[in-house]
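Worksheet for the structure shown next.
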Amino acid sequence: MAGILKVPGAFDVTPHKVSLCILLQVYASPNQLFVPFPFSSFAQHNRLGLFLLALTKSCDDILEPKLHELINQSREIGSSSIDWLADHLISRLSSLSSPDDLFNLFTEMRGVLAGQDAGIVEDDQIILDPNSNLGIFLRRCILAFNLLSFEGVCHLLTNIASYCKEVLSSRAPHEAHLDGSGVNLMEASEYENMDLENLVFEKVTEEIEAKKKAGERIPFHLHVPTPIFGLVEDTDIELSAKPTFKQSTKGKEAISYAMTLDGSSGAVDHGFFLRSNWQIQGYLLEQTDAIEKHGSSFPLNALEFMLGQLQKLAPELHRVHFLRYLNSLYHDDYASALENLHKYFDYSAGIEGFDGIPPSSGFNNSGRYEIALLCSGMLHFHFGHPKQAVEALTEAVRVSQQHSNDTCLAYTLAAICNLLSEIGISNASGLLGSSYSPVANMGTSLSIHQQLFVLLKESLKRAESLKLKRLVASNHLAMAKFHLMHVQRPVLSFGPKASMKLITSPINVCKELRLSSNLISDFDIESSMMITDGSLSTTWLKNLHRQRGSSVIFEETEPGNRSNASSFFSQPNSIPGSVSQLVGASYLLRATAWEMYGSAPLARMNALVYATCFADCASSVDAAVAYGKLIQYLAAYKGYKAAFAALKTVEEKFISVSKSQIMVLKLQLLHERALHRGHSKLAQQICDELAVLSSPVTGVDMDLKAEASFRHARTLLAAKQFSEAAAVAHALFCMCYKFNLRVQDASTLLLLAEIHKKSGNAVLGIPYALASLSFCESFNLDLLKASATLTLAELWLSLGSIHAKRALTLIHSALPMILGHGGLELRARAHIAEAKCHLSDASFSVPETSGVVLDSLRQACDELQILEYHELAAEAFYLMAITFDKMGQLEEREQAASSFQKHIMALEKVTDEEDPLLK
Amino acid sequence: MGSKEICRNELRIAVRQLSDRCLYSASKWAAEQLVGIELDPVKFTPSNTRFQRGSSSIRRRFRTNEIMSTPIAGVSYVSTPVMEEDDIVDGDFYLLAKSYFDCREYRRAAHVLRDQSGKKAVFLRCYALYLAGENRKDEENIELEGPLGKSDAVNKELVSLERELSMLRKNGSIDPFGLYLYGLVLKEKGSEHLARNLLVESVNSYPWNWSAWSELQSLCTTIDILHSLPLNNHWMKDFFLAGAYQELRMHNESLAKYEYLQGTFSFSNYIQAQIAKAQYSLREFEQVEVIFEELLRNDPYRVEDMDMYSNVLYAKECFSALSYLAHRVFMTDKYRPESCCIIGNYYSLKGQHEKSVMYFRRALKLNKNCLSAWTLMGHEYVEMKNTPAAVDAYRRAVDINPCDYRAWYGLGQAYEMMGMPFYALHYFRKSVFLQPSDSRLWIAMAQCYETEQLHMLEESIKCYRRAANCNDREAIALHKLAKLHCELGRLEEAAFYYKKDLERMEAEERDGPNMVEALLFLATHGKDQKRFEEAEVYCTRLLDYTGPEKETAKSLLRGMRMAQSGFPSMSAEHFPP
């Protein structure tokens, strides 16, 4: 019936198998004694056996080796008798000129097997046990041959003729007509002479041969003339795919990738090709991972070409369409992605090899189209069509409920959660209102936040009950993200005003994060067997290859066992990429959380863990985020020089990734530096550039927009345009309020306080500072709180010296936090403020406390010089000079004064030096 | 009349030349057109034709010096000199080879010609080899086949043929027929651009080879490609263009071309069948039926295109006519994909879907690229509620020809059946894109939007509006539009569409619940809008129906009378005249 898959693994007799049988006969010829004729030693004989074993293992290949490839491979045995073996093989094959010869051959094969009278076998006679691996293979071949119709036998015969034609014609063209296939060969050589004039054809072959030569390390044939390659040489697939990729991404990632990609790095030149059905599936899965990891930097055309070839060879392998879909998805080709997605699901009905569904059990008549819906939802999401995505996902929920496919349902719910949290609040409300809400029992009166929360809970519950470990983990992560990003009202609410208190819950975040990383400890084989199987057989043959020549091969005799499979993994590969990706994501989220709650060292540590442990399985975007965090840390604690040096290396590393992440980071750093150096014009320019990066649609890229306008206000402040700065900050506050960006609200309030402080309006500033303080308190933003306290203290201080004491207490309360976690700028500010407090205090007497003041001022100066923050540095030196003056140390005073002058000069001389980093 | 005469003469020579080269289907086509030319009663005498046949070589020599322009309808045609044969007397070997060829012993024929170097002999040898390869390929397809679907058998002769032909071409010793074969080989190999160039070259130097034209046509997948071909103006080009337009779904243009051609070839069965095809695409089933009836009268053993006729009969549910047709083609040639499709259609109409699937399968076995069989099989699976199989079948049809809007539609339908209207929309969109003038597709799409799961009524209204504009035969769209507008509370629009629907029903003299519904709505609406006279008219019409509506109408009328009589009488009291 159409629509149902072909039963895989029909065992056909092919020329390759015939030659294996012939080799088997040599290996276990019944008439020979202890060490059969062509072999000089027992070891050699054994090596042939192992070789044959390896070949029979990969006998379900989609692509079978050509004869010359087989002969080349057999050289790995390293026996001196190999030439004899090759000659024997070729002569046996070419002597098969009529169907009857084939019949005779297979009758002979029976003799190789021990028959029913196996009891009377003598000890020194080599006889194949019918139940051994090789024996079973031989029996299967014989059986398959006996089942062939006459047409089948004819086909086999012609195939054998063309199978050895290449080798024969390259060996001895004039001898060729000796055997039955001579007629064909004559024709072939006739045409070869003809084609000399044909330019097009020649060009193609030249190209192919050039390619061959490029990939060649060992001369292909010992028997002189270059073989005739067919127009489409199958091994070219790997050849052309690999180098392009290596070029496009540098670094060790690419190399390790290339290693896993083609099974064995030297494979191509040896004509190694092991492509059983499983292996192709495994290979495709690997490709899938690679695409997801590398995103748009993955070479589109190389894979596309290879997929085209694969499809030609295996038309019923529909997964190819899926890969095409992924490929075009990541290269932002909407039309082709959509087309291939539909094609895949139309052909396979979602049954063929989808993760998490064992292929055998998912065989009901209805197909699994809900997965198609899930995928198409994700597709629309990816391309930024939230409305269609919601429609598709809603339908996926419904259909999977209908077919009671709980797994898919759980995944779909998770996808919806993701969608909701990504597209955010602004445009989602209208979105869910228009269609009906995804989960029917959910009231529409709930806010989008609450809907999301309910959905998350539900999806988590479902995933837990279904024991989908990965999904549970990712749901926990989503939950943590939710807790992190969304400020909640307490659940119980009475009265109009009292209930408006908003809080965040870092404990929940922490809990969720822990829960999600538990995954790695109790991860079991939820992932499909296919991955392991595919890569297992690949690595297995690779290992066989590596061992040749060394004597290790005798120790590891039964390598086929799956039980000791793990020993064949060259690297600790037992954790699938997706799992470690998830765990990595939890670390990244942790870093973000710490960043928010205000512990820079912890944030840095987590980012560092991510960058070191999970970099090779992370998607490039995530890795860029982690690096970005690290660089920001550098800028805040080590100054700009170090940060820019690091940025440069990172930029090189992510050269091919969509650069927006790194771009934003760079602009941020540049802006910060410009502000500190007092280049307000440059700062404004950078600020505008930053604003341009965000999308023009309202409600999208809110973070970036808020950031840009925040920086705009700061630039205006630095340029002493206070009323404009205040206006911008006000607008920003309104926007943040509208889009529920509570954290940004807190910092905006602080900025307003700062503006009023700078404009000399301390009284107006205090309420803002207080408001910011209370925001920070309820949202657990510790570092921001410390900085708000500092601002408050500065405000009090500027109200007059009578408030110095109060200011000092405030500063002291914030100092532990600032010194522990704050960046250079914040620390310097705290020091200066402290010194100021002391200086303005009426009871301050120079000789007693000057040590304290000078200490903090010195520290501030050091820190500010690293930052090149001229304005504050000048202030610090000024204060220092005054202190020295009071103490009567004139020499130091002069020194401080000259430093002060230097910084003032630098501030005033707004150099227009071209910044090399800004282009 | 001169042009007809010229066509006739050219065709006569072409038929002989083509069949001399064993290009039988092309010569069949040419001969059909030759007979299709309206006979000139004056010149039509037996002696005349005999003369022409007997002295073709003399006439030919005469012709090459003559300028043959055939100015039909202002188009100046390029004269294409009729080809000179290189040797008038065929060699003995050629005769033997041709006889072998005629007995379908292709390899033998090629072998006989192995040392011949004449253009004709070379062509025949290559062509015989090509056909031998094709034959073998077909056999292998069956021998090696897995499930229905793709198979990787290839014509093994292609490589060597390509080499030889390219060499010939380089030497300049290739004739138009060789070019045609070369194009064919290249097309098979997948180098379409080169194949197109060669075929154009071939038809420009020898335009009467219909096989070359039709290969070229299959390579013209877009209108741009078609227009970019550097073709000489020859009357054969009109045939080509008409066919190409049809493939590109420009049915009206194609129809116009065919009708123009019919002026010359008024008795051509081919043109008639093509016109029927175009009309079928335009869904003018009545006309198609008439044409086919006439065709069958003239050519009772015709099997080509008859599956289309059966589709029409199927759509019109003519059981006996369909069974008669099935029987007829079955007796003529049962192993033709067309015959199998016709029988499949018949069983489908009878509701015996398993049997019908069996016959479609047979058709596919005979020609696995038989588009309509895949699509029809999909329909059958849909009927049998085996949606995955249906999806698979439709998908294969779509992969063979991505412009087959029926298969896209079928895919959409299958997914809709599975309760995935959003997913189905993708397919409906595709089909509507390909055939925007088909109201059924728009209606299907609208219904998708309308489902309770999606409930996107605005989009649905848009689709229904398109459907209503495309001559919606079942008159679903207007009624639906009215209903949807009513549902959305836009009463004026609803009234407008109800009125339109009513007019239409009156014009077509249909009656039924829709009528009652429309009348009832209009009556109530009229009353609410205080257009009492109008409302009264509708109410009185409602009184003709039985059922609860009658009572509603009565009470409406009563209410209106009350209101009407109430106000004027009141005013009369206040202001006595």
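The values are calculated or read from the model by the stated rules, or taken from the named source; none is laboratory data. Predicted model only: the values in this text are computed from it and were never measured. With ideal geometry, Cβ positions are generated from the backbone for all residues, glycine too; neighbour counts draw on all protein chains shown.
Restrict the check to the range A:798-807 and report whether at least one residue is surrounded by fewer than 17 Cβ atoms within 10 Å (Cβ to Cβ), closer than 29 Å to A:C510 by Cβ and of a type in the set (D, E, K, R). Show your work before the answer.
Restricting attention to the range A:798-807, the residues satisfying the condition of being surrounded by fewer than 17 Cβ atoms within 10 Å (Cβ to Cβ) are A:799-802, A:805-806.
From what is left, the residues that are closer than 29 Å to A:C510 by Cβ are none.
Within the range A:798-807, not a single residue is surrounded by fewer than 17 Cβ atoms within 10 Å (Cβ to Cβ), closer than 29 Å to A:C510 by Cβ and of a type in the set (D, E, K, R).
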Please find, among B:E459, B:E416, B:E380, the residue that is within 29 Å of B:E508 (Cα to Cα), within 14 Å of chain A (Cβ to nearest Cβ) and assigned to a helix (DSSP H, G or I).
-> B:E459
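Just one of A:S434, A:S429, A:S376 is modelled with pLDDT under 75 and facing chain B (nearest Cβ under 10 Å); which is it?
A:S434
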Residue match in the range A:883-901 (condition: under 20 Å from A:K720 (Cβ atoms) and assigned to a loop (DSSP other than H, G, I, E, B)) | no
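Select from the range A:747-768 the residues that are among the charged types (D, E, K, R) and either crowded, with 18+ Cβ neighbours inside 10 Å or on the phi > 0 side of the Ramachandran plot (or both) and list them in ascending order.
Going through the range A:747-768, the residues among the charged types (D, E, K, R) turn out to be A:754, A:757-758.
Once the filter is applied, which keeps residues that are among the charged types (D, E, K, R) and either crowded, with 18+ Cβ neighbours inside 10 Å or on the phi > 0 side of the Ramachandran plot (or both), the range A:747-768 yields A:E754, A:K757.
Residue by residue, here is whether (1) at pLDDT 90 or above; (2) over 19 Å from A:Y369 (Cα atoms) holds:
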{"residue": "B:L371", "(1), (2)": "no, yes"}
{"residue": "B:E380", "(1), (2)": "yes, yes"}
{"residue": "B:M418", "(1), (2)": "no, no"}
{"residue": "B:P421", "(1), (2)": "no, no"}
{"residue": "B:F428", "(1), (2)": "yes, no"}
{"residue": "B:S431", "(1), (2)": "yes, yes"}
{"residue": "B:P436", "(1), (2)": "no, yes"}
What is the one condition in (1) touching a residue at least 40 places away in the same chain (Cβ under 8 Å); (2) more than 13 Å from chain A (Cβ to nearest Cβ); (3) buried (at least 24 other Cβ atoms within 10 Å of the Cβ) that B:R396 does not satisfy?
-> (2)
Taking B:D175, is it under 23 Å from B:R8 (Cβ atoms) and either away from chain A (no Cβ under 11 Å) or surrounded by 16 or more Cβ atoms within 10 Å (Cβ to Cβ) (or both)?
-> no
Criterion violated by B:S268 - all others in (1) out of contact with any Cys (no Cβ under 6 Å at 6 or more places or on another chain); (2) within 30 Å of B:G133 (Cα to Cα) satisfied = (2)
Test B:F496 against the criterion of being surrounded by 11 or more Cβ atoms within 10 Å (Cβ to Cβ), over 21 Å from B:A446 (Cβ atoms) and of a type in the set (A, V, I, L, M, F, W, C), and give yes or no.
-> no
Just a yes or no: is a residue in the range B:523-545 under 27 Å from B:C448 (Cβ atoms) and either over 45 Å from the mean Cα position of the chain (by Cα) or surrounded by 15 or more Cβ atoms within 10 Å (Cβ to Cβ) (or both)?
-> no
Residues of the range B:239-274 satisfying the condition of being over 18 Å from the mean Cα position of the chain (by Cα) and in a helix (DSSP H, G or I) = B:Y260, B:L261, B:Q262
Scanning the range B:427-449 residue by residue, the ones that are in a helix (DSSP H, G or I) and surrounded by fewer than 21 Cβ atoms within 10 Å (Cβ to Cβ) total 5
Among (1) surrounded by 24 or more Cβ atoms within 10 Å (Cβ to Cβ); (2) of a type in the set (F, W, Y); (3) touching a His at 6+ places or on another chain (Cβ under 8 Å), B:Y347 falls short only on (1)
When residues of the range B:427-456 are filtered for being in contact with a Cys (Cβ under 7 Å, 6 or more places away or on another chain) and more than 13 Å from every other protein chain (Cβ to nearest Cβ), how many remain?
-> 7
Considering only the range A:133-151, how many residues are assigned to a helix (DSSP H, G or I), within 14 Å of chain B (Cβ to nearest Cβ) and touching a residue at least 24 places away in the same chain (Cβ under 8 Å)?
-> 1
So, of the residues in the range A:383-401 that are surrounded by fewer than 24 Cβ atoms within 10 Å (Cβ to Cβ) and more than 17 Å from A:S459 (Cβ to Cβ), which turns out to be nearest to the other protein chains (Cβ to nearest Cβ)?
-> A:Q388
The range B:493-540: number of residues that are among the basic types (K, R) and closer than 24 Å to B:D472 by Cβ | 4
Criterion violated by B:C370 - all others in (1) within 12 Å of another protein chain (Cβ to nearest Cβ); (2) more than 19 Å from A:H342 (Cβ to Cβ); (3) surrounded by fewer than 24 Cβ atoms within 10 Å (Cβ to Cβ) satisfied | (1)
Do we have B:K365 as in contact (Cβ under 8 Å) with a residue 40 or more places away in the chain, more than 12 Å from chain A (Cβ to nearest Cβ) and over 21 Å from the mean Cα position of the chain (by Cα) here?
-> yes
Mind listing whichever residues of the range A:861-898 are aliphatic (A, V, I, L, M), surrounded by fewer than 22 Cβ atoms within 10 Å (Cβ to Cβ), modelled with pLDDT of 80 or more and under 19 Å from A:G851 (Cβ atoms)?
-> A:A881, A:I882, A:L890
Could you give every pair whose Cβ atoms fall below 8 Å, whose first residue belongs to the range B:209-231 and is of a type in the set (D, E, K, R) and part of a helix (DSSP H, G or I), and whose second residue is at pLDDT 90 or above and buried (at least 21 other Cβ atoms within 10 Å of the Cβ), counting only separations of at least 6 or pairs across chains?
-> B:E215/B:Y180; B:E215/B:G183; B:E215/B:L184; B:E215/B:A195; B:E215/B:L199
Per-region count, the range A:156-168, residues at pLDDT 80 or above and within 14 Å of another protein chain (Cβ to nearest Cβ) | 6
Can you tell me which residue among B:A553, B:A563, B:A475, B:A523 is away from chain A (no Cβ under 14 Å) and under 30 Å from B:S431 (Cα atoms)?
-> B:A475
